[in-house]
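Visitor: The structure is given below, and queries will be raised subsequently.
The values are calculated or read from the model by the stated rules, or taken from the named source; none is laboratory data. Predicted, not measured: the structure shown is a model, and the values here were computed from it. Virtual Cβ from ideal backbone geometry, glycine too; neighbours counted across all protein chains shown. To get the accessible areas, we keep the full protein, side chains included, count just its heavy atoms, and leave off ligands, DNA and RNA. Shrake-Rupley method; radii C 1.70, N 1.55, O 1.52, S 1.80 Å.
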Amino acid sequence: MYDYAKLLHLIAGIVWMGGMTFMLFALRPAAVATLEAQNRAVLMGQVWKRFYVWVLVAIVVLFATGTHLYTQAFRATRLATGEGAVPLGWNLMLVLGITMMLIFGHIFFAGYKKYMRATAAGEWAVAAKAAGLIHNMTLVNFTLGWLAILAVRLVR
């Protein structure tokens, strides 16, 4: 069970991090370079609508598998040493992961919902401001994701 949880955790992380990589470094720059503002707004709204479903699934999987993996590591360490400690990198990953989930909640409920309402109403300036929030918060999450990966691999 532990190996399956680890595999699912890795897959969910790849989906989320890969999607952010694609959006930040391929889709958004290409859309900005080739599409007028209104067409770009519609495209990005449709992309986010689909991607955020995958992110929500990834968050559920990451939280469930992460909780399982963390609990198993805690129990194994307690059995082996008499103390219930896990590596510092795991604790950092936990804190960074929960922070990323909370930031995504802000992206989704404050940024994306506002963006979709604004594009539906043709309020392009409001949509652009919301898109800026989404972009900036996605950059933060992307950075935190890499820090979480580095923490679990480099910090013992």
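Visitor: Checking L139 against (1) buried (at least 17 other Cβ atoms within 10 Å of the Cβ); (2) of a type outside the set (D, E); (3) over 17 Å from V42 (Cβ atoms), only one condition comes out false. Which one?
Guide: If we test L139 against (1) buried (at least 17 other Cβ atoms within 10 Å of the Cβ); (2) of a type outside the set (D, E); (3) over 17 Å from V42 (Cβ atoms), just (1) comes out false.
Visitor: Quick check: is even one residue across the range 120-130 within 30 Å of N39 (Cβ to Cβ), open to solvent by 80 Å² or more (accessible area, probe 1.4 Å), acidic (D, E) and assigned to a loop (DSSP other than H, G, I, E, B)?
Guide: For the range 120-130, residues within 30 Å of N39 (Cβ to Cβ), open to solvent by 80 Å² or more (accessible area, probe 1.4 Å), acidic (D, E) and assigned to a loop (DSSP other than H, G, I, E, B): present.
Visitor: Restricted to the range 75-93, and to residues that are under 30 Å from F142 (Cβ atoms) and touching a Phe, Trp or Tyr at 6+ places or on another chain (Cβ under 7 Å), which residue is most open to solvent (accessible area, probe 1.4 Å)?
Guide: Checked the range 75-93; the qualifying residue most open to solvent (accessible area, probe 1.4 Å) is W90.
Visitor: Which condition breaks for L102 when tested against (1) aliphatic (A, V, I, L, M); (2) exposed (fewer than 13 other Cβ atoms within 10 Å of the Cβ); (3) farther than 20 Å from L62 by Cβ?
Guide: (3)
Visitor: Quick one: in the range 55-93, which of the residues that are touching a residue at least 60 places away in the same chain (Cβ under 8 Å) and part of a helix (DSSP H, G or I) is farthest from M17 (Cα to Cα)?
Guide: To start, the set of residues in the range 55-93 that are touching a residue at least 60 places away in the same chain (Cβ under 8 Å) comprises 65, 68-69, 72, 87-90, 92.
Of the ones still in play, those that are also part of a helix (DSSP H, G or I) are 65, 68-69, 72, 88-90, 92.
Values: T65: 17, H68: 21, L69: 20, Q72: 25, L88: 22, G89: 19, W90: 18, L92: 17 Å.
Here the answer is Q72.
Residue-by-condition table, conditions (1) open to solvent by 80 Å² or more (accessible area, probe 1.4 Å); (2) closer than 25 Å to A118 by Cα:
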{"site": "D3", "(1), (2)": "yes, no"}
{"site": "H9", "(1), (2)": "no, no"}
{"site": "M17", "(1), (2)": "no, no"}
{"site": "T21", "(1), (2)": "no, no"}
{"site": "F25", "(1), (2)": "yes, yes"}
{"site": "N39", "(1), (2)": "yes, yes"}
{"site": "F51", "(1), (2)": "no, yes"}
{"site": "I59", "(1), (2)": "no, no"}
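Visitor: Hey, can you tell me all the residues within the range 1-29 that are within 16 Å of T138 (Cβ to Cβ) and without any contact (Cβ under 8 Å) to a residue 40 or more places away in the chain?
Guide: Here is the first cut: in the range 1-29, the residues within 16 Å of T138 (Cβ to Cβ) are 13, 15-29.
Within the range 1-29, G18, G19, F22, F25, A26, L27, P29 meet the criteria.
Visitor: Right, another one. Which residues, taken from the range 16-73, are within 21 Å of the chain's Cα centre (by Cα), of a type in the set (V, I, T) and farther than 21 Å from G111 by Cα?
Guide: Within the range 16-73, the first condition is being within 21 Å of the chain's Cα centre (by Cα), and the residues that meet it are 16-29, 43-70.
Then keep just the ones that are of a type in the set (V, I, T); that gives 21, 47, 53, 55, 57, 59-61, 65, 67.
Within the range 16-73, V61, T65, T67 qualify.
Visitor: Quick one: which of G111, G145 is open to solvent by less than 20 Å² (accessible area, probe 1.4 Å), under 16 Å from L10 (Cα atoms) and either more than 19 Å from the chain's Cα centre (by Cα) or not hydroxyl-bearing (S, T, Y) (or both)? Steps first, please.
Guide: Working: G111 fails: under 16 Å from L10 (Cα atoms).
Only one candidate passes the filter, namely G145.
Visitor: Applying the selection to the range 61-74, what residues are open to solvent by less than 70 Å² (accessible area, probe 1.4 Å) and within 15 Å of V15 (Cα to Cα)?
Guide: V61, L62, T65
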